[in-house]
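**Q** I'd like to ask some things about the structure below.
The values are calculated or read from the model by the stated rules, or taken from the named source; none is laboratory data. Remember, it's a predicted structure, so these values are computed and weren't measured experimentally. Using ideal geometry, Cβ is built from the backbone for each residue, glycine included, and neighbour counts are taken over all protein chains shown. Note: areas computed on protein heavy atoms with side chains; ligands, DNA, RNA excluded. Shrake-Rupley method; radii C 1.70, N 1.55, O 1.52, S 1.80 Å.
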Amino acid sequence: MCGIFGYIGDKEASEKIITGLKKLEYRGYDSIGVATMNDKLAIFKNVGKVSDLEEKICSKNLKGTTGIGHTRWATHGAPTEINAHPHYDKDQKIVIVHNGIIENYQELRDDLIKDGYKFVSQTDSEVIVHLIAACYAKSNNIEESFIYAVKRLQGTYAICCISEYDPSRMFLAKKSSPLLIGVGEGENYCASDVSPILKHTRNIIYLDDNEYAMLSTDSVVVKNYKGVVVEKEIVKSTINIDDVEKGTYDFYMMKEIHEQPESIINTITNRCFIDEGKVNFDFIGINNNELLNINRIVITACGTSLHAGLVGEFFLEKFAQVPVEVEYAAEFRYRNPIIDSKTLVIAISQSGETADTLAAVVEAKQKKARIISICNVPGSTITRESDGVIYTKAGVEIGVASTKAFTTQITALYMFSIFLARIKWIINKEEAKNLLTKLYEIPELIRRILLKKDHIYTIACKYYTKPSFLYLGRGISFHVAQEGALKMKEISYIHAEGYSAAEMKHGPIALIDENMPVVVVALKNRSYEKIASNISEVKARQGKVIAIATEGDTNIKNLVDDVIYIPDCEEELSAILSVIPLQLLAYYTAILRGCHVDQPRNLAKSVTVE
Ligand code: F6R
């Protein structure tokens, strides 16, 4: 989604902004813009990539030591240069960039038009700059005008504003959209996430909702909407700078696929104690007595995170013996869910900023449910709205297609299930030891699968021109099939569906012919015989079957066209292994089709609008 980067200091702002916006490219965008202030404000905008704007800016030698930049992911109005941010007021003295959606923009726009303000774009964001200008015309005070405008907005926003009327200050405000401040020496920054700031400073202030900030070269002042100064903690970011670089890989996605063994090790280290058969979490936020009172768990999330939740449902129910429902976050709040103080809501989100998941958390909180989030980004909005958080320690995930977040989310759910089962005395120390030992084996087993990537590439070469794929599985593997299909469609633009193999004959079987590759997760477990029958049904209709099978299963070779073997493991952990070949298959297919896997069209890494 949209990305914001701002700089105020004594260096050329345009260079800093272009570098910063490049780091935000992964969020997904279609147009970009930069405004700098050197006595006067100047704006440059473009449809397309940051590098295109860079050329434009270089040729104009854009000057100024204060500036703001924006990558726009279109919501209101097409991706055009006019709709790109920053937006000017009518006198071209004030500029703003905005991330989020202003829900009451139409009403505000109508009022402003009645008062003689002219709009040049179709965006909801442009109302903000005119509101500031309207107030400034009366008050001559930019701080007052900024906060006046912000208070009139309904919806979600992260806003950054600079103005010729008050050139030594930059104004920021946020509600439900991320915005943080990097505190430097003789310079300050703001950005939608920490990745573009790290190279300049590790001192971060997380702005909270309903707070606004004023940055100058040597100060950061934060106030609440009543104008009272808020003392903010400066947090030292511990993110490794290499995490936000591609290193030797062509794409972040491939790097992140390879990081999965390490990410899982980081997620379990210092939390799982095999000898004691114990799991411990730092920030669980709900005490054991309260957890024992829980009679139902609702998992809510979107996309890949939802698939992780669907996998987790199996072992939460099996180990901790508590009923679990998994629900799309976007649907959850609109059906008046029956939840109370005995419901534990687990919100899963890599970014911790997904608007639908955040809204579900807020809804659940209002209904007095207890909330634990499983999140990858420390300090993100969802973690701050939750009673407790289990951080996945996947490291920064930049590829738009989520990979290491998925496998670490499953890891976190597995650990939480054992934790709950232990405090409920459902499993004993020896059983927990056994389950944890199996978890510790997983990273090495992933490494073995990664060694098969050439074989997976060969398979991708066979099928990458096909227009459609079907993915099948049963039990946990059904949700792996859904995740495999999601990966395929989002980065290669091939239509792909993930189905329960059992459901195939209730509809999707009609699609099968010699042009339809069917990826079947067919592991040696209690569903094996049934899934083998489903494979035969596909083969009987000339479908092409690619099986993800358990090492040692030589029989399957006779049933299918291609096999990718994965090591045998506990059924509960199998999703972590079986998804790896599907991530690689999607990756190679996308590469063969010439797609940019890290920045797939229309997609955003962090979906901050509902
Ligand atoms: C798919 C993908 C998305 C996200 C979804 C939720 O590869 O990345 O489906 O999983 O947008 O995002 P988070 O986990 O950040 O809430």
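**Q** Mind scanning 114/232; 56/393; 246/539; 11/226; 23/232 and naming the pairs with a C-alpha gap bigger than 30 Å?
**A** Beyond 30 Å: 114/232; 56/393; 246/539; 11/226.
**Q** Distances longer than 14 Å among the Cα atoms of the range 226-273: what percent of all pairs is that? Let's see the in-between values first.
**A** On the way: 785 of 1128 pairs.
Result for the distance tail: 70 percent.
**Q** Which of 34, 414, 168 sits closest to the plus end of the dipole of the chain, meaning its Cα is farthest towards the positive end, when Lys and Arg get +1 and Asp and Glu get -1 on the C-beta?
**A** Value: 414.
**Q** I'd like the carbon and sulfur percentage of the solvent accessible area for the chain, probe radius 1.4 Å, heavy atoms only, ligands and nucleic acids excluded.
**A** Details: 11240 of 23290 Å².
Result for the chain: 48 percent of the exposed heavy-atom area is carbon or sulfur.
**Q** With angles folded into 0 to 90 degrees, how steeply does helix 528-539 sit against the dominant principal axis of the chain? Use alpha carbons for both and round to 10.
**A** So the helix axis and the longest Cα principal axis differ by about 80 degrees.
**Q** For q values of 0.09, 0.13 Å⁻¹, compute log₁₀ I(q)/I(0) with the Debye formula on a Cα-only model of the range 244-449, without solvent.
**A** Taken in order of the listed q values, log10 I(q)/I(0) reads -0.32, -0.67.
**Q** While we're looking at this one, here's another question. With only Lys, Arg, Asp and Glu charged, each at its Cβ (+1 for the first two, -1 for the last two), find how big the charge dipole of the chain is about the Cα centre; round to the nearest 20 debye. Provide the component values of the computation, followed by the final result.
**A** Numbers: 70 positive and 78 negative charges, 87 e Å.
Its charge dipole is roughly 420 debye.
**Q** While we're looking at this one, here's another question. What is the helix-to-structure angle for 105-114, meaning the angle in degrees between its Cα long axis and the longest Cα principal axis of the chain, kept from 0 to 90 and rounded to the nearest 10?
**A** Computed tilt is about 20 degrees.
**Q** While we're here: Tell me, Kirkwood radius of the range 536-610 from alpha-carbon pair distances, in Å? Write out the running numbers ahead of the final one.
**A** On the way: mean 1/r = 0.0662 Å⁻¹.
Averaging 1/r across every pair of different Cα atoms and inverting gives 15.1 Å.
**Q** So which chymotrypsin sites (Phe, Trp or Tyr not before Pro) in the range 243-310 end up in coil per DSSP with only 14 or fewer other C-beta atoms within 10 Å? If you can, show how the numbers build up before the last one.
**A** Numbers: sites: 249, 251, 252, 273, 281, 283; in loops: 249, 251, 281, 283.
Taking the range 243-310 and a limit of 14 other Cβ atoms within 10 Å, the loop chymotrypsin sites (Phe, Trp or Tyr not before Pro) found are 283.
**Q** Now for a separate question. For the range 33-166, would you read off the P(r) tail past 27 Å as a percentage of all alpha carbon pairs?
**A** Working: 1345 of 8911 pairs.
Tail of P(r) above 27 Å: 15 percent of Cα pairs.
**Q** Using +1 at the Cβ of each Lys and Arg and -1 at the Cβ of each Asp and Glu in the chain, identify which of 560, 132, 85 lies farthest towards the dipole's positive end.
**A** Looking along the dipole axis, the top candidate is 560.
**Q** Over 24 Å apart: what share of the alpha carbon pairs of the range 453-592 falls there, rounded to a whole percent? Could the numbers behind the result be given before it?
**A** Working: 1757 of 9730 pairs.
Tail fraction, whole percent: 18.
**Q** Sticking with this structure for a sec: Regarding the chain, what is the average projected area of its C-alpha convex hull, in nm²?
**A** On the way: hull surface 110.8 nm².
Averaged projected hull area, Cα only: 27.7 nm².
**Q** For the range 144-247, what are the per-bin percents of Cα-Cα distances with bins 5 Å wide, up to the bin holding the maximum?
**A** The distribution over the range 144-247 is 2, 12, 23, 24, 19, 11, 5, 3, 1, 0, given as percents.
**Q** Sticking with this structure for a sec: Can you give the Kirkwood hydrodynamic radius for the range 3-238, in Å, rounded to one decimal and based on Cα pairs?
**A** Values: mean 1/r = 0.0579 Å⁻¹.
Result for the range 3-238 stands at 17.3 Å.
**Q** For the chain, what is the accessible area per residue in Å² when the probe is 1.4 Å? Kindly include the intermediate steps, with their values, before the conclusion.
**A** Details: 23290 Å² over 610 residues.
Solvent-accessible surface per residue comes out at 38 Å².
**Q** Step through the residues of the range 117-125 one at a time and calculate ³J(HN,Hα) from phi using the Karplus curve (6.51 cos²θ - 1.76 cosθ + 1.60, θ = phi - 60°), rounding each to whole Hz and writing x for Gly and Pro.
**A** Whole-Hz 3J(HN,Hα) from phi for the range 117-125: 7, 10, 9, 9, 10, 9, 6, 6, 5.
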